[in-house]
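The values are calculated or read from the model by the stated rules, or taken from the named source; none is laboratory data. What you are looking at is a predicted structure, and each value in this text was computed from that prediction instead of being measured. Cβ: placed from backbone, ideal geometry, glycine included. Neighbour counts: every protein chain shown. Please note that ligands, DNA and RNA were not included when accessible areas were found on the heavy atoms of the full protein model with its side chains. Shrake-Rupley method; radii C 1.70, N 1.55, O 1.52, S 1.80 Å.
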Amino acid sequence: MSAATWVPGAAGSAYDVDHLPWGVFTHGDDTARVGVRIGDHVLDLAPVAAADMRPEAALFEAATLNPLMGQGRTVHAELRRWITDLLTVAEERSDVEPHLLAIDEVAMQMPVEVGDYVDFYASEHHASAVGTIFRPDQEPLLPNWKHLPVGYHGRAGTVVPSGTGIVRPMGQRKNPSDAAPVFGPSGRLDIEAELGFLAGTPSGLGERIAVGDFADHCFGVVGLNDWSARDIQGWEYVPLGPFLGKSFATSISTWVTPLAALDAAWVDLPGQDPAPLPYLAVDGPAGLDIDIEVVLNGHVVSRPPYRTMYWSPAQMLAHMSVNGASVRTGDLWASGTVSGPVREERGSFLELSWGWREPFSVGGEERVALEDGDEVVLRYTAPATGGGRLAIGEVTGTVLPARP
Ligand code: CA
């Protein structure tokens, strides 16, 4: 454990010096640039690095994290040591403190130019629940599910930062009892509480990323809400999978928690039976002990536990590159909805209301799906390396009326 930070209020907080999430911010009329969060402050890195004559100064003047993310694990570790020294060594304080900005004086921006976006389906409890709701007469899991992490390619251009309003999507839908499809605003707008992983070091076309090389390629972790229009999805998804019911918006946190900050969060997977093929074999703890809270209009409606996920993020990365598809800096892959085994751990309203049949209470109001004006906040915490818990960036979004 490193020495305590001198930044007022930061020691023991969810943004202590053992966390140091990266973000992109603006301050007044200044151009967007890179900072790290410490307590309730953002450290403006570019001027501090320039004063230290560090070669990385230009990385912090960028309007996205991508140039930094592509530098590789060794550089990231060195920068983490440097920033830790800045924030813990008393002699640094007089030079560094002028570049600490109060969190409420900056505007957080989209942190990453997202390359390709893949969304997985890695929770056995979620996949089983959805299978049971939609195919009650069949096995809940399809035959491939325990042999590979099922996923699809999503739409990178509509990945938006936390705080972006979500316009209720228009689209086609058709209930089984309807004679013909109709067009209009989605009536079954939903969330999916997920975790997102960002690629740092890229891979070349034709190469594969081994499960064991995950930490060399994963830069960090974001909170992620995969907004879903279930009625549009239900009509369109056969046979090629999710399309317009998903592509209208995916929200991510503006803070990116470095993978190194999660060193104390690794736990064993709940167990994989049958054993996966050798290219998906894991050695040691591969799951993450991350607690999630789903907050609707100020009320916690669910607490999905990430440690219950069947497939690990390293297996997801290995699988999405096993065919030789290259991975670029800024690529994003998401876990799929995180759901635990019991109702109060379900990570979507589809599951919380069990297929819209069992309304759930939100501060005295009943819900099965999202209404206009609803605000969703996803919060994430994990064990920190210095003890206590760190907070992975939260993801917020408010539902705006459709534009018919
Ligand atoms: Ca999803």
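A few remarks follow.
- Tally, over the stretch 375-399, of residues that are modelled with pLDDT of 95 or more, open to solvent by less than 50 Å² (accessible area, probe 1.4 Å) and not in a strand (DSSP E or B): 1
- Residue within the stretch 73-85 that is open to solvent by less than 10 Å² (accessible area, probe 1.4 Å) and out of contact with any Leu (no Cβ under 7 Å at 6 or more places or on another chain) present: yes
- Cβ-Cβ contacts under 9 Å between residues 6 or more apart (or on different chains), taken from a first residue in the stretch 181-192 that is within 16 Å of the ligand (Cβ to nearest atom) and in a strand (DSSP E or B) to a second residue that is open to solvent by less than 10 Å² (accessible area, probe 1.4 Å) and among the charged types (D, E, K, R), are listed as LEU189/ASP374.
- Criterion applied to VAL322, VAL395, VAL377 was being within 16 Å of the ligand (Cβ to nearest atom) and either of a type in the set (Val, Ile, Thr) or closer than 24 Å to GLY271 by Cβ (or both), and the one residue passing it is VAL395.
- Every residue from the stretch 88-104 that is open to solvent by less than 40 Å² (accessible area, probe 1.4 Å) and touching a helix residue (DSSP H, G or I) at 6+ places or on another chain (Cβ under 7 Å): VAL96
- Among the residues making up the stretch 42-64, those that are under 18 Å from GLY28 (Cβ atoms), open to solvent by 40 Å² or more (accessible area, probe 1.4 Å) and touching a helix residue (DSSP H, G or I) at 6+ places or on another chain (Cβ under 8 Å) are PRO47, GLU61.
- When we screen PHE197, PHE214 for residues that are open to solvent by 10 Å² or more (accessible area, probe 1.4 Å) and among the aromatic types (Phe, Trp, Tyr), the only hit is PHE214.
- Residue selected from the stretch 105-143 under the condition open to solvent by 70 Å² or more (accessible area, probe 1.4 Å) and free of Cβ contacts under 8 Å to residues at least 12 places away in the same chain, by the criterion farthest from the ligand (Cβ to nearest atom): ASP137
- Scanning the stretch 2-21 for any residue that is open to solvent by less than 10 Å² (accessible area, probe 1.4 Å) and not in a loop (DSSP other than H, G, I, E, B) turns up nothing.
- Within the stretch 218-235, considering residues that are within 13 Å of the chain's Cα centre (by Cα) and aromatic (Phe, Trp, Tyr), the one surrounded by the fewest Cβ atoms within 10 Å (Cβ to Cβ): TRP227
- Options VAL256, VAL295, VAL301; residue that is buried (at least 23 other Cβ atoms within 10 Å of the Cβ), of a type outside the set (S, T, N, Q) and either touching a Cys at 6+ places or on another chain (Cβ under 6 Å) or within 20 Å of GLY393 (Cα to Cα) (or both): VAL256
- Only one entry of GLY330, GLY245, GLY241, GLY340 meets the criterion of being within 15 Å of the ligand (Cβ to nearest atom) and either touching a helix residue (DSSP H, G or I) at 6+ places or on another chain (Cβ under 6 Å) or in a strand (DSSP E or B) (or both), and that entry is GLY245.
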